[in-house]
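Input: a single structure, listed below in structure tokens.
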Amino acid sequence: MGTEMTGASSLVKSLEAAGVDVMFGIPGGAVLPVYDPLYDSKIRHILVRHEQGAGHAATGYAQVTGRVGVCMATSGPGATNLVTPLADAQMDSVPLVAITGQVPSAAIGTDAFQEADIRGITMPITKHNYLVTNPDDIPRAIAEAFHIASTGRPGPVLVDIAKDALQKMTNFSYPTSIQFAGYKPQVEPDAQAIRDAVALIAQAKKPVFYVGGGIIKANASKQLMQIAELLGAPVVTTLMARGAFPDSHNLHLGMPGMHGTVAAVTALQKSDLLITLGARFDDRVTGKLSSFAVHAKVIHADIDPAEIGKNRFADVPIIGDLAHTLNALILALQEEFKKNKPDLTVWWRQMSSLRAAYPLGYDKPVDGSTSPQYVIERIGAISGPDSIYVAGVGQHQMWASQFVKYEKPRTWLNSGGLGTMGYAVPAAMGAKVGMPDTTVWAIDGDGCFQMTNQELVTCSLNNIPIKVAIINNESLGMVRQWQTMFYEGRYSNTSLHSKRIPDFVKLADAMGCAGLRCERPEDVDAVIKEAMSINDQPVVVDFRVFRDAMVWPMVAAGTSNDEIMIARGIAPDWDSQEL
Amino acid sequence: MSTHTLAVLVENSPGVLARVASLFSRRAYNIDSLAVGPTENPDISRMTIVLNLDGHVLDQVMAQLYKLVNVIAISEMTDETTVKRELLLVKVNAGSKKSEISSLVEKFSATIVNEDGGFLTVQAIGEPAHIEALLAGLTPYGIKELVQSGLVALEKGSAALSDRTLSAQGISTLHEIGTQADYQN
């Protein structure tokens, strides 16, 4: 028998037992019983201004620490405000536990005040979820939730607890083990799959490491470096994998996909073997699937069996934890290479030529205004590879993935799968809470910023001094770019007028932040340095940038990667390349 | 496209049918029929799902189903290795044709389970082709309403899906619980 206490106390004790040190949330009627024992707990609860902020903050915390992020909300609207961050975490495989209060069990199903069937609502956007109506079930549900969230392919788990279960007395005892009838992620790779993969690698003439966010989730960057150097093949890192392999490394060709480098996109297209590590053949990487890497065989290593063959047939699937899989592959390849090692000279001649011919770049705006790419490039250069960069969604996100140079895993956070505008400020807040001694930059758009900037109040009041660079082109820039390209420049509803309203400097000031503005390219470095010097409060910089800058290269949605453009209407000069 | 039958053992927990239905809906897999009911183990329910899809999609469906935490075991039920049955109840307006219908019913080893106001309720149990043939025979007499149970399937001989689950052998997967720090590599 455990100690007698309320269900709410049992929940708080369970969260403590699960190792929770910080959580983000907002109280409300149904979840109120939890906030009473939480008042006495060593768990730091950060009171946010919107539940969506709590969810993205938990994600930011999880992405930089590798621990489970925790958020909490009340029933009904509190819970539904968590829907977007839960969907976001599901798409990007982020380990989260969300706790929601629910109306008393007798009222469930009666359309009670602030009732929403959040378990039903979140079924498709969580890894698993629970509705707890018996206080005795709370410790086990919490233990299972943390286990499920953090093992296998990580993901969000929601635990919805009826108010009466929080109020009733129960005996608290945290389980020492939990049992699942069916859930058992495979960690160790199959030995035959490793042998089959080695056989393909040994024959390959044009292999490429196609690296996804799974490498970061598996903390397998060290192994990735080892295997990449062992084989000497090109490495491409997807949007979710930026930082998994150093940008400065000679084997790195950059990011593939819709806005990837010509070299990275072409390496995949012309490859004869994709060594796919924790990536999922997302449409933004493959372009038109039927014309993606048509000559390539595929090794697909992933911890989630359902990713195998979902979009692309895998010649050799390897199910397992990537760190284990790569350890096994490295050992086997070391043996194999004693006898026979692929000669990649020709392949590298082709790739080096492409890399040299088509580096990432941008034009200076003709009107003398500041180029957005330049601002982002300078932030990365001045703040350096030890800082954490968190982007919103849109043009600035792509530029932040292209022009900040990443050297380490868990230094680049963004909403890759769901594409959640408004992610940056709250996720940066969570990242800073997880890594308080690290400089955290939110690189945000003026559109994104206006969706979730209320969390700067939370940052100011809780000593969370993040830095926010608003790349202000007074537009929904990526949508505007598509209107330029595909809708004859008819800019329907993409002008935000945010150089006029709101005044971001005043808004920053009103929220307890330092507000800075930068209007000329020659001031960019000085303003960044000023922002870097302020560490006792959050900083918001309104960088006023050229409105018509576009993200290049680009593979238009639904077209083949072979149709990559390096500027509007301009394809690479393929004839000059030996491919 | 071809027809495939899956048997799925699931934990008998609230919402498990909704989880499976939600998965099929959001992944756009079409279900021909779904039958669900209790098993010899009160903690486990069994679903029999009939799908019409390409073979390579079937692997994907099974992998996606396995991702549901409450799913314990899945197996394809092939014609060669399993017994498949469905139940039909069909109401026919007999009129003056009762004897004709009775002989048809007898031919299909079906039974008349209710007769009321000139309407016959016929019960038939069999493989899908058998049920279809009976229905084709009854259609000319005027079918008022019918209901089908959906297909259920069981492996022949000693083979049992539940043998392939860990929990059936009393060794469901045990996970030691630590603090979050233990979840980090």
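The values are calculated or read from the model by the stated rules, or taken from the named source; none is laboratory data. What you are looking at is a predicted structure, and each value in this text was computed from that prediction instead of being measured. No Cβ is skipped: glycine too gets one built from the backbone with ideal geometry, and neighbour counts run over all protein chains shown.
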If I filter region A:97-112 down to residues being outside any helix (DSSP H, G or I) and among the aliphatic types (A, V, I, L, M), which single residue comes out as nearest to A:LYS168 (Cα to Cα)? A:VAL103
Restricting attention to region B:151-167, which residues are farther than 13 Å from B:LEU9 by Cβ, in contact with a strand residue (DSSP E or B) (Cβ under 8 Å, 6 or more places away or on another chain) and surrounded by fewer than 17 Cβ atoms within 10 Å (Cβ to Cβ)? B:LYS156
Would you confirm whether any residue within region B:52-73 is in the same structural domain as B:ILE31 (by TED's automatic domain parsing), assigned to a helix (DSSP H, G or I), β-branched (Val, Ile, Thr) and in contact (Cβ under 8 Å) with a residue 24 or more places away in the chain? yes
Filtering region B:1-23 down to residues that are touching a helix residue (DSSP H, G or I) at 6+ places or on another chain (Cβ under 8 Å), within 25 Å of A:ILE121 (Cα to Cα) and not β-branched (Val, Ile, Thr) yields B:LEU9, B:GLY15, B:ALA18, B:ARG19, B:SER22, B:LEU23
If you check every pair at least six apart or on different chains, which have Cβ atoms under 6 Å apart with a residue in region A:139-155 that is facing chain B (nearest Cβ under 7 Å) and among the aliphatic types (A, V, I, L, M) first and a residue that is surrounded by fewer than 24 Cβ atoms within 10 Å (Cβ to Cβ) and in a loop (DSSP other than H, G, I, E, B) second? A:ALA143/A:PRO175; A:ALA143/B:ILE177
Within region A:68-92, the residues that are surrounded by fewer than 24 Cβ atoms within 10 Å (Cβ to Cβ) and either of a type in the set (A, V, I, L, M, F, W, C) or within 13 Å of another protein chain (Cβ to nearest Cβ) (or both) are A:VAL83, A:ALA87, A:GLN90, A:MET91
Within region A:512-526, considering residues that are surrounded by 21 or more Cβ atoms within 10 Å (Cβ to Cβ) and among the aliphatic types (A, V, I, L, M), the one farthest from A:ILE382 (Cα to Cα): A:LEU516
Whether any residue in region B:50-71 is more than 14 Å from every other protein chain (Cβ to nearest Cβ) and either touching a Phe, Trp or Tyr at 6+ places or on another chain (Cβ under 8 Å) or among the small types (Gly, Ala, Ser) (or both) is what I want to check. yes
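Listed here are the residues, each with its yes/no results for (1) at pLDDT 95 or above; (2) within 30 Å of B:SER162 (Cα to Cα); (3) within 12 Å of chain B (Cβ to nearest Cβ).
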{"position": "A:ASN171", "(1), (2), (3)": "yes, no, no"}
{"position": "A:LYS184", "(1), (2), (3)": "no, yes, yes"}
{"position": "A:GLU188", "(1), (2), (3)": "yes, yes, no"}
{"position": "A:ARG195", "(1), (2), (3)": "yes, no, no"}
{"position": "A:GLN203", "(1), (2), (3)": "yes, no, no"}
{"position": "A:PRO207", "(1), (2), (3)": "yes, no, no"}
{"position": "A:TYR210", "(1), (2), (3)": "yes, no, no"}
Given the condition buried (at least 19 other Cβ atoms within 10 Å of the Cβ), without any contact (Cβ under 8 Å) to a residue 40 or more places away in the chain and of a type in the set (Gly, Ala, Ser), answer yes or no: does some residue in region A:492-510 qualify? no
Looking at region A:203-225, which of the residues that are surrounded by fewer than 16 Cβ atoms within 10 Å (Cβ to Cβ) and more than 25 Å from the chain's Cα centre (by Cα) is farthest from A:THR266 (Cα to Cα)? A:GLN203
Working only within region B:108-129, note down all residues that are farther than 15 Å from B:LYS144 by Cα and touching a residue at least 24 places away in the same chain (Cβ under 8 Å). B:PHE108, B:ALA110, B:VAL113, B:ALA124, B:ILE125, B:GLY126, B:GLU127, B:PRO128
Please enumerate the residues belonging to region A:124-171 that are among the β-branched types (Val, Ile, Thr), within 18 Å of A:TYR183 (Cβ to Cβ) and in contact with a Ser or Thr (Cβ under 8 Å, 6 or more places away or on another chain). A:ILE142, A:VAL157, A:VAL159
Among the numbered criteria (1) in a helix (DSSP H, G or I); (2) more than 14 Å from chain B (Cβ to nearest Cβ); (3) of a type outside the set (Phe, Trp, Tyr), which one does A:SER14 miss? (2)
Which pairs turn up if I take residues in region A:120-138 that are at the interface with chain B (Cβ under 8 Å from one of its Cβ atoms) and look for partners that are among the acidic types (Asp, Glu) with beta carbon separation below 6 Å, at least 6 apart in sequence or on another chain? A:LEU131/A:ASP160
Quick one: is A:GLU16 surrounded by fewer than 20 Cβ atoms within 10 Å (Cβ to Cβ), farther than 23 Å from A:ARG410 by Cβ and not basic (Lys, Arg)? yes
Extreme residue, nearest to A:ALA54 (Cα to Cα), among residues of region A:143-175 that are among the small types (Gly, Ala, Ser) and either assigned to a loop (DSSP other than H, G, I, E, B) or out of contact with any helix residue (DSSP H, G or I) (no Cβ under 9 Å at 6 or more places or on another chain) (or both): A:GLY155
Which of the residues spanning region B:22-38 are surrounded by 14 or more Cβ atoms within 10 Å (Cβ to Cβ) and of a type in the set (A, V, I, L, M)? B:LEU23, B:ILE31, B:LEU34, B:ALA35, B:VAL36
Can you tell me which residue within region B:11-20, out of those that are more than 22 Å from B:GLY55 (Cβ to Cβ) and more than 8 Å from chain A (Cβ to nearest Cβ), is modelled with the lowest pLDDT? B:SER13
